[in-house]
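Single-structure report; data block below.
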Amino acid sequence: MAHRRKSIGIQRIAAYATIAVALVVTLFPVYWIAANSFKYDIDIFSIPPQWIPANPTSKHYHAAFVERPFLIYALNSLIIAVSTTLVSVVFGSLAGYALARFQYPGRWRYQISFWILSTRMMPPIVTIIPLYIAFNHLGMLNTKPAVIIAYTAFNLPFATWMMKSYFQDLPVELEEAAMVDGDTRWGAFLHVALPLARPGLAATAIFCLIISWNEFLLALILTLTERSQTLPIGIAGRVTQYNTYWGEISAAGFTACIPIMIFAFVVQKHLVRGISFGAVKG
Amino acid sequence: MTVSIGAKFGNSFERWFERHLRVLMLAPAMLVLLTLTIFPSIYMIIAAATRISPNPDLPWQFAGADNFLRLLTDEQFHVGLWNTMVFTVFAVGTEFLLGLGLALLLDRYIRRLNFLKTILMLPMMLPPVAVAITWKLIYEPQFGVLNEIMFRLGLPLQAWAGDVRLAMFSVIVADVWQWTPFMFLLMLAGLASLPDEPYEAAAIDGASAWRQFWDLTLPFLKPVIAIALLLRIMDALRLFDLVFILTGGGPADRTKTLSLYIYQVAYRFADPSYAAAISLFVLFTTVAFSTWFIKRMRLAD
Amino acid sequence: MASVVFQDVVKKFGTFTAVSDLNLEVRDKEFLVLLGPSGCGKTTTMRMVAGLEEVTAGEIFIGGDRVNDVLPKYRDVAMVFQSYALYPHLSVADNIGYPLKIRKVPQDKQRQMVMEVARRVELDGLLDRLPKQLSGGQRQRVALARAIIRTPKVFLMDEPLSNLDAKLRVQMRAELKHLQHELQVTTIYVTHDQIEAMTLAHRVAVMNKGVIEQLGTPRQIYNDPRTLFVAGFIGSPPMNLIDGEVKDGVFTSLGGVRVDGLGSANAASAVLGVRPEDIHVLPAGSEKTNVMAPIYSVELTGESTLVTLRAGAALLTVRADKNFVGDFDQMVEIGFAPGRVFLFDRQSQDRVDF
């Protein structure tokens with residue numbers, strides 16, 4: 001909007017100052033957890049606080065990942081996040097395409113779309129008790145598949161909805177041209193619609209990955225054993241009533257953030273696009 | 001140079017597959033979602049209408065509306081409900097105002113620098129558990145950063161998340177830190193899609209920047225704002241991770257949210273029937289609210 | 001190499017009837033244009049041939065085979081879309097070769113055929129480009145090349161020229177006509193542009209509200225319109241249509257138009273139609289004058305001058321000589337060429353013969 005009137009210097013300086021403050025407020029907590037993860041305990045507790053680690057140490061990383069099973073937690077998190085994302089994106093694109101393109105009798109298309117979206121509105125705490133009992137009966141508590149299934153239930157509506165809006169934005173003539181040229185509808189989906197929806201697929205996958213990597217409540221209830229727990233559960237487990245292992249949880253917490261931060265910068269283009277149209281279109 | 005496609009009109013499987021594609025493509029997602037929502041819903045209704053004994057060998061007893069009637073007199077539930085509402089109103093309200101303001105600033109003064117935007121969006125992507133830990137570290141009464149700043153400014157030191165008066169405020173601040181970026185991002189996307197012409201026309205008509213904001217920007221952004229608020233309110237109503245780690249619902253239940261209370265009822269007090277009743281209440285009010293909101297804001301089309 | 005036959009074809013979308021009871025035979029090697037305003041059902045008709053829309057009732061035959069339940073891929077038709085529908089992720093060569101790839105034609109044969117077709121439509125230098133790097137005219141050629149590469153039984157063209165600028169459209173029109181003549185493939189062409197219809201078609205089917213109003217050669221459609229709709233739709237500038245009444249073969253309108261010699265026709269509410277080129281400016285006081293009216297505007301088009309007169313509530317357009325000179329509000333006398341006026345019934349919209 002280059003047309004908006006050029007502003008005078010003071011306004012501009014105030015604006016830059018505000019943005020700078022926002023950046024500092026945004027970044028400081030992340031810096032602080034990182035800084036503390038590299039401090040000896042005694043430096044963490046120092047008064048006044050030590051702004052920059054005076055004696056950097058990797059002791060807490062060693063404690064978390066070698067002495068305690070945080071490596072297993074991280075691996076569990078990764079396996080669960082990737083599997084959930086795969087299932088959600090595959091099922092979500094199929095359903096999203098169907099809802100974007102096909103006619104259903106009466107108002108069924110609208111009803112199904114709305115119902116799928118509404119399942120996303122269910123607070124997790126509401127479904128978790130029955131899921132817990134069901135998995136208990138099936139002997140699936142403390143297993144990764146149980147967590148993956150539960151996560152899929154929460155990611156699938158979102159993935160379906162996002163892919164639906166993406167497919168709706170693609171011109172339908174492309175698939176029709178493919179069909180006249182000799183493809184089946186399914187072939188047109190595979191050869192034309194899906195390759196063109198790659199940015200949408202990427203954005204959807206990114207969201208599923210982040211949501212699954214960060215999830216806490218479902219994993220807290222469905223897993224009790226080291227072998228099956230995820231990174232957030234492992235971190236929370238070190239905040240006990242009697243003692244908080246600050247260095248260790250800082251190290252683990254910061255580690256949990258690292259992949260997300262790298263990810264955010266690598267895929268920033270998809271992210272903005274994905275979020276904006278995903279949200280704007282509901 | 002005629003090129004044939006093989007069998008004249010194709011085989012019957014292919015025709016069947018194509019004809020039923022709209023069902024086949026929808027089926028996997030529908031099956032997963034139906035099993036994972038219908039089954040729990042039925043269970044919740046049954047559980048809420050019974051008294052489940054902690055001893056698994058004893059049969060369930062029909063309890064009618066007892067569990068729901070308990071909601072009326074359970075003070076802990078009322079506290080949880082109140083806390084959830086206070087949190088939702090103040091957290092989402094603040095996030096919206098800050099996010100919109102920041103988006104307007106960046107839209108006007110910094111248009112390119114995408115990495116700045118990515119940095120500003122970072123908090124919303126980080127694991128809530130890690131965010132809670134970070135703020136716990138900042139709020140720490142003895143060696144926390146916040147009290148150091150208070151000390152430097154000559155203000156009285158506080159227990160923050162451990163203080164009865166400030167606990168909810170502290171939770172809200174941490175949530176605002178994590179979720180303002182979400183509002184910011186949506187508003188930025190909304191601003192980027194605004195058409196230029198109306199502003200040019202308004203400028204020619206002599207409308208001030210302030211008038212342009214009220215008469216053009218806000219009405220244009222309305223659908224985005226509505227969706228952003230809806231999504232954030234839904235999330236705020238189910239707040240769990242942050243309070244679970246930062247305060248555990250304390251002190252004196254001042255930050256106990258409904259989600260946390262349901263968790264405690266189900267797992268600490270081992271009373272799944274009552275937990276189911278509260279859950280159904282939460283589910284019903286959330287769905288009622290969002291349906292009303294969607295209709296009100298005309299989001300369905 | 002195939003005829004296309006519609007037998008009692010009906011297409012409904014919910015309660016809306018897009019095409020009602022269509023009967024039409026497109027002959028082998030014919031260039032048939034479906035002409036009509038938007039929403040008249042012409043595109044739906046074409047899409048039913050391609051198999052992109054299912055038929056609600058009736059039957060469609062391509063080359064004698066009933067194709068109602070046949071998937072689009074087996075119908076062996078090729079289609080050029082209004083938006084061209086080029087695959088944006090594929091190069092020009094891959095776009096053109098896509099039908100061959102689907103049919104698993106060997107790689108080197110594919111390449112050879114693509115080259116051949118590309119040369120024919122003058123795209124040989126652009127084969128490695130992506131569609132977004134092409135101009136509108138070039139994209140149009142890619143779409144055409146993709147359609148002709150496999151010599152289908154039927155070409156379907158959905159307003160293929162409407163996205164081109166005026167000059168290019170005229171050029172492509174001639175090329176299309178020549179190409180169809182050369183390839184001798186049955187062609188169904190959808191357009192709302194009556195000039196395209198007149199210039200391209202062997203036969204034109206004028207559609208309105210899901211029904212074929214008239215089917216005939218361009219000449220028949222122009223010279224002998226059977227309904228009020230066809231009369232008003234064909235011709236540029238359009239035929240003058242004047243409301244009035246006929247008594248014993250004499251037509252009179254409120255604007256002072258009077259035409260006699262219409263046989264023994266009688267109608268309380270009739271419409272008289274006469275084309276601008278069939279009206280002549282007469283010297284003052286001529287006895288052939290049908291109406292005298294003031295000039296509303298004068299437009300020089302180059303080869304002629306369009307003079308618009310205001311006769312009561314109606315505006316009459318006259319194609320006058322290019323040297324015609326006249327001022328606003330100047331009174332002019334005009335006469336209609338005998339035998340070139342048509343009479344329609346306002347109620348039934350049909351032609352009244354006399």
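Of the candidates A:Leu271, A:Leu217, the single residue that is at the interface with chain B (Cβ under 10 Å from one of its Cβ atoms) and at pLDDT 90 or above is A:Leu217.
Does C:Arg226 count as out of contact with any Gly (no Cβ under 8 Å at 6 or more places or on another chain) and of a type in the set (Lys, Arg)? Considered against the rule, which asks whether it is out of contact with any Gly (no Cβ under 8 Å at 6 or more places or on another chain) and of a type in the set (Lys, Arg), C:Arg226 comes out as yes.
Screening C:Gln171 on (1) surrounded by fewer than 18 Cβ atoms within 10 Å (Cβ to Cβ); (2) touching a Ser or Thr at 6+ places or on another chain (Cβ under 9 Å) shows it passes everything except condition (2). Among the listed residues C:Ser83, C:Ser91, which satisfies the condition of being of a type in the set (Ser, Thr, Tyr) and more than 8 Å from every other protein chain (Cβ to nearest Cβ)? Residue meeting the stated conditions: C:Ser91. One residue is enough: does the stretch A:71-86 have a residue meeting the conditions closer than 30 Å to B:Tyr274 by Cα and of a type outside the set (A, V, I, L, M)? Checking the stretch A:71-86: not a single residue is closer than 30 Å to B:Tyr274 by Cα and of a type outside the set (A, V, I, L, M). Being surrounded by 16 or more Cβ atoms within 10 Å (Cβ to Cβ), without any contact (Cβ under 8 Å) to a residue 40 or more places away in the chain, more than 8 Å from chain A (Cβ to nearest Cβ) and closer than 27 Å to A:Asp41 by Cα is the requirement here; does B:Leu146 meet it? Against the criterion (surrounded by 16 or more Cβ atoms within 10 Å (Cβ to Cβ), without any contact (Cβ under 8 Å) to a residue 40 or more places away in the chain, more than 8 Å from chain A (Cβ to nearest Cβ) and closer than 27 Å to A:Asp41 by Cα), B:Leu146 qualifies.
Filtering the stretch C:264-299 to residues that are without any contact (Cβ under 8 Å) to a residue 40 or more places away in the chain, closer than 16 Å to C:Val325 by Cα and surrounded by fewer than 15 Cβ atoms within 10 Å (Cβ to Cβ) leaves C:Pro294, C:Ser297, C:Glu299. For the condition crowded, with 23+ Cβ neighbours inside 10 Å, free of Cβ contacts under 8 Å to residues at least 24 places away in the same chain and either away from chain A (no Cβ under 11 Å) or farther than 22 Å from B:Gly162 by Cα (or both), B:Val265 qualifies. Checking the stated criteria, C:Ala284 turns out to be part of a loop (DSSP other than H, G, I, E, B) and over 28 Å from the mean Cα position of the chain (by Cα). Restricting attention to the stretch A:117-160, the residues being more than 11 Å from A:Ser88 (Cα to Cα) and in a helix (DSSP H, G or I) number 22.
Table: residues versus (1) assigned to a helix (DSSP H, G or I); (2) closer than 23 Å to A:Met261 by Cβ.
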position	(1), (2)
A:Asp43	yes, no
A:Asn55	no, no
A:Leu71	yes, yes
A:Val82	yes, yes
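For the stretch C:58-80, the criterion of being within 29 Å of C:Ile234 (Cβ to Cβ), within 13 Å of chain A (Cβ to nearest Cβ) and surrounded by fewer than 21 Cβ atoms within 10 Å (Cβ to Cβ) is satisfied by no residue at all. Cβ-Cβ distances below 7 Å connect the following pairs, each with a first residue in the stretch A:120-134 that is within 7 Å of chain B (Cβ to nearest Cβ), a second residue that is outside any helix (DSSP H, G or I), and a separation of six or more residues or different chains: A:Pro123/B:Arg238; A:Pro124/B:Arg238; A:Ile125/B:Arg238; A:Ile125/B:Phe240.
Taking every residue in the stretch C:162-178 that is over 19 Å from C:Tyr84 (Cβ atoms) and pairing it with any residue that is surrounded by 14 or more Cβ atoms within 10 Å (Cβ to Cβ) and modelled with pLDDT under 90, at least 6 positions away or on another chain, yields no pair with a Cβ-Cβ distance below 6 Å.
Which strands (runs of 3 or more DSSP E) does the stretch C:21-135 wholly contain that include 1 or more residues that are out of contact with any helix residue (DSSP H, G or I) (no Cβ under 7 Å at 6 or more places or on another chain)? In the stretch C:21-135, the matching strands (runs of 3 or more DSSP E) lie at C:31-35, C:57-62. Do the conditions hold for B:Pro40, that is, is it buried (at least 19 other Cβ atoms within 10 Å of the Cβ), at pLDDT 80 or above and touching a helix residue (DSSP H, G or I) at 6+ places or on another chain (Cβ under 8 Å)? Answer is yes for this residue. When we screen C:Gly302, C:Gly261, C:Gly210, C:Gly235 for residues that are at positive phi, touching a residue at least 24 places away in the same chain (Cβ under 8 Å) and surrounded by fewer than 17 Cβ atoms within 10 Å (Cβ to Cβ), the only hit is C:Gly261.
Counting residues that are farther than 26 Å from A:Tyr245 by Cβ, which helices (runs of 4 or more DSSP H) fully inside the stretch B:59-170 reach at least 1? Output list reads B:66-73, B:75-109, B:114-125, B:145-152.
Within the stretch B:237-261, the set of residues being within 17 Å of A:Phe154 (Cβ to Cβ) and part of a helix (DSSP H, G or I) comprises B:Leu237, B:Asp241, B:Ser259. Among (1) facing chain A (nearest Cβ under 8 Å); (2) closer than 30 Å to B:Val129 by Cβ; (3) in contact with an Asp or Glu (Cβ under 8 Å, 6 or more places away or on another chain), there is one condition B:Ala192 misses while meeting the rest; what is its number? So the condition that B:Ala192 fails would be (2).
Within the stretch A:87-103, if we keep just the residues that are aromatic (Phe, Trp, Tyr) and closer than 17 Å to A:Ala203 by Cβ, the residue that is farthest from the other protein chains (Cβ to nearest Cβ) turns out to be A:Tyr97. Remark: B:Trp160 matches the filter, which requires a residue to be free of Cβ contacts under 8 Å to residues at least 24 places away in the same chain, more than 10 Å from every other protein chain (Cβ to nearest Cβ) and closer than 26 Å to B:Arg232 by Cβ.
The values are calculated or read from the model by the stated rules, or taken from the named source; none is laboratory data. What you see is a predicted model, and the numbers here were worked out from it, not measured in a lab. All Cβ positions, glycine included, derive from the backbone under ideal geometry; neighbour counts span all protein chains shown.
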